[in-house]
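Data first, discussion second: the structure below is written as structure tokens.
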Amino acid sequence: MTIKREGSLFSPFRALKQLGKKPHTVQIPKVVKPPAERYRGFHTNDLEKCIGCGNCSRICPDNAIKMVPFPEYAKKEPGSMPLRPQIDYGRCCFCALCVEVCPTGSLQMVKTFTHVDDKKESFVFIPDSKVVHETPDFVLDTKDLRRK
Amino acid sequence: MKEVDLFFGPQHPGITGNFSVRVKIDGDTVVKAQAIPGFLHRGFEKLMEMRHWMQGPPLICRICVPDADHSETGYSMAVERLAGIEVPERGKYIRALTLEMSRLSAYLFYFAGYGGSIGLYTIAQWAIGDRDYLLDLYEELTGARVYHIFNFPGGPRWDTPEGFEDRVDKVMDYLEKRLKEYDKLYFNNMVFLKRSQDVAVMKKSYAEKMEVTGPNARATGWAIDVRKDDPYAAYPDLDFELITQDEGDSYARVMQRRLEFQQSIDLVRQITKKLRSMPRGNVRLIPNALHWKIPRGEAYAAVESSKGELGYYVVSDGGISPYRMQVRGPSISHGVQVYEEMIVGQRLADVAALMFSLDVCPPDIDR
């Protein structure tokens, strides 16, 4: 394939016609762009459904998951352990391998992903069924973001 | 005139990432250069020996940040060869789709980088903005924007969401439309032409000697491409011709990518068309991630990344982790050996521009 090797001195001025177009960016926090359905954010864990097998802790490539004792969940079912995962978000890389190997499907990931705090201890928590930091109602649909 | 030593990087804005070049200049002509990598050494190869086979992709995708999917796929293919498993047909197409989208986003990054290095910042902003539409698609398909952690040994993680192919095609239409505007503003811009034509000319024989691969090699007229030479994923079924040029200068290297950008858009369209006609569901063979043992042996698999041949050599001793893994990255040849020689005789202003022109990825050099 051959290409013409010639240029134009006026080509930079063609950028001016972009001035009337919508910007790519949105004004956070006035406008929040919704994450995709599959977005890998914080974890939730159904503590009743979880059997404390520790698969999530063993598959974690970052050693971010530690199984901590929960005596109130001691069950008589075979294979069930009174343990539940505790996740260190200072280490987590949000790969979702833990979710993939969870045999009961109790461990899930939700779309929220923002946590700001000056205490490092606050990044370590035991996920339960509640979503941490519910994000505000989304006010914009992604369709509106695409430039016309 | 007295010769002066100058350090370009690792803090220099014109250098791609954590990388440094020590140049000796006479006036503003470079007389000697020494590449200084190592600022980003993270020991990937050794770290992989301490991980299960399935724990590889979350780490390996960090080898080349703008082109993460090729790293994941290269590693996955080597493990699949070793384990003797075949990815389902639909899985191969989804894999090829992520690879071509990755190439498109990496080329947009390249246009942005080269444009910025010669002062065309409008292009840098356009390209980064347009790349975000591809990242939106990645977010929808994989759940993440930059490190997708999607291509695993056995196949891609999930099937495409409902209606995803249509949305991909819409973005491709948009990018094709934008490419015409890029042509007017960038590729026909006098500044770009003057700064790139006849700069750092690479001959085909030199490219062969220095093991230059990818678009840099094809810009010298050397028709090599892993997608054609050792086809993988869905590439054997896709219809495309190799694009080559003869000049081998910076201009040819940029235009090579511009032409391949159009080709990648066509390939993505072929893939989405095929995906629509295939039955949904079966995309991946899922081995037991915790106890998957790979038979003793060794395997090499290479992919054609946006920068060149990216290969993974994996050795197994029959256990649950690799015994040894080695990465053959394209940037070590382009960024260290070739760059040091080609920058000699060029102007000081081309030190950063040539680095972008060769599409050097410092994290890939250091690994």
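The values are calculated or read from the model by the stated rules, or taken from the named source; none is laboratory data. Predicted model, so just to flag it, every value in this text is computed and none were measured. All Cβ positions, glycine included, derive from the backbone under ideal geometry; neighbour counts span all protein chains shown. Calculation scope for accessible area: heavy atoms of the full protein, side chains included, ligands and nucleic acids excluded. Shrake-Rupley method; radii C 1.70, N 1.55, O 1.52, S 1.80 Å.
Answer with yes or no whether B:Pro330 is crowded, with 16+ Cβ neighbours inside 10 Å, in contact with a strand residue (DSSP E or B) (Cβ under 7 Å, 6 or more places away or on another chain) and within 14 Å of another protein chain (Cβ to nearest Cβ). Taking the combined requirement at face value, the residue does not satisfy it. Scoring B:Ala252 on the criteria (1) open to solvent by less than 20 Å² (accessible area, probe 1.4 Å); (2) in a helix (DSSP H, G or I); (3) touching a residue at least 60 places away in the same chain (Cβ under 8 Å) leaves a single failure, condition (3). When the helices (runs of 4 or more DSSP H) confined to the range B:326-367 are screened for residues that are of a type in the set (A, V, I, L, M, F, W, C) and in contact with a helix residue (DSSP H, G or I) (Cβ under 7 Å, 6 or more places away or on another chain), those reaching at least 2 such residues are found at B:350-357. Only one entry in A:Glu77, A:Glu72 is under 30 Å from B:Ile286 (Cβ atoms) and open to solvent by 100 Å² or more (accessible area, probe 1.4 Å), namely A:Glu77. Checking each residue in the range B:1-32 for being part of a loop (DSSP other than H, G, I, E, B) and in contact with a Pro (Cβ under 7 Å, 6 or more places away or on another chain) picks out B:Thr16, B:Gly17, B:Asn18, B:Phe19.
On the given criteria, is B:Lys2 at negative phi, modelled with pLDDT of 90 or more and open to solvent by 10 Å² or more (accessible area, probe 1.4 Å)? So B:Lys2 fails the test. Criterion applied to B:Glu100, B:Glu89 was being of a type in the set (D, E, K, R), touching a residue at least 60 places away in the same chain (Cβ under 8 Å) and open to solvent by less than 10 Å² (accessible area, probe 1.4 Å), and the one residue passing it is B:Glu100. Note on the range B:255-290: among residues that are part of a loop (DSSP other than H, G, I, E, B) and not aliphatic (A, V, I, L, M), the one that is farthest from B:Met172 (Cα to Cα) is B:Asn288. Once the range B:172-181 is narrowed to residues that are among the charged types (D, E, K, R) and surrounded by 14 or more Cβ atoms within 10 Å (Cβ to Cβ), the residue that is nearest to the other protein chains (Cβ to nearest Cβ) is B:Glu181.
One line per residue, one yes/no per condition, for (1) hydrophobic (A, V, I, L, M, F, W, C); (2) farther than 11 Å from A:Phe42 by Cα:
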site: A:Gln86; (1), (2): no, yes
site: A:Phe94; (1), (2): yes, no
site: A:Val101; (1), (2): yes, yes
site: A:Met109; (1), (2): yes, no
site: A:Thr114; (1), (2): no, no
site: A:Asp118; (1), (2): no, yes
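When the range B:101-153 is filtered for residues that are more than 20 Å from A:Lys17 (Cα to Cα), polar (S, T, N, Q) and more than 16 Å from the chain's Cα centre (by Cα), the ones remaining, listed by number, are B:Ser117, B:Thr142.
Regarding the range B:182-192, can at least one residue be identified that is closer than 15 Å to B:Tyr121 by Cα, more than 8 Å from chain A (Cβ to nearest Cβ), touching a residue at least 24 places away in the same chain (Cβ under 8 Å) and open to solvent by 40 Å² or more (accessible area, probe 1.4 Å)? Checked against the condition, which is being closer than 15 Å to B:Tyr121 by Cα, more than 8 Å from chain A (Cβ to nearest Cβ), touching a residue at least 24 places away in the same chain (Cβ under 8 Å) and open to solvent by 40 Å² or more (accessible area, probe 1.4 Å), the range B:182-192 yields no hits at all.
For the residues B:Ile25, B:Ile63, the requirement of being open to solvent by 10 Å² or more (accessible area, probe 1.4 Å) and either touching a residue at least 60 places away in the same chain (Cβ under 8 Å) or of a type in the set (Gly, Ala, Ser) (or both) singles out B:Ile25. Selection of the range B:101-148 for residues being β-branched (Val, Ile, Thr) and touching a Leu at 6+ places or on another chain (Cβ under 8 Å) yields B:Thr122, B:Ile123, B:Ile128, B:Val146. You will find that of A:Val32, A:Val110, A:Val26, the residue that is aliphatic (A, V, I, L, M), under 20 Å from B:Glu139 (Cβ atoms), surrounded by 14 or more Cβ atoms within 10 Å (Cβ to Cβ) and more than 14 Å from chain B (Cβ to nearest Cβ) is A:Val32 and no other.
Of all residue pairs spaced 6 or more apart or on separate chains, those with beta-carbon atoms under 7 Å, a first member in the range B:110-133 that is facing chain A (nearest Cβ under 9 Å) and a second member that is part of a helix (DSSP H, G or I) and open to solvent by 30 Å² or more (accessible area, probe 1.4 Å) are B:Leu120/B:Val191.
Taken as a whole, the structure leaves B:Val201 outside the set of residues that are part of a helix (DSSP H, G or I) and either open to solvent by less than 10 Å² (accessible area, probe 1.4 Å) or more than 10 Å from chain A (Cβ to nearest Cβ) (or both).
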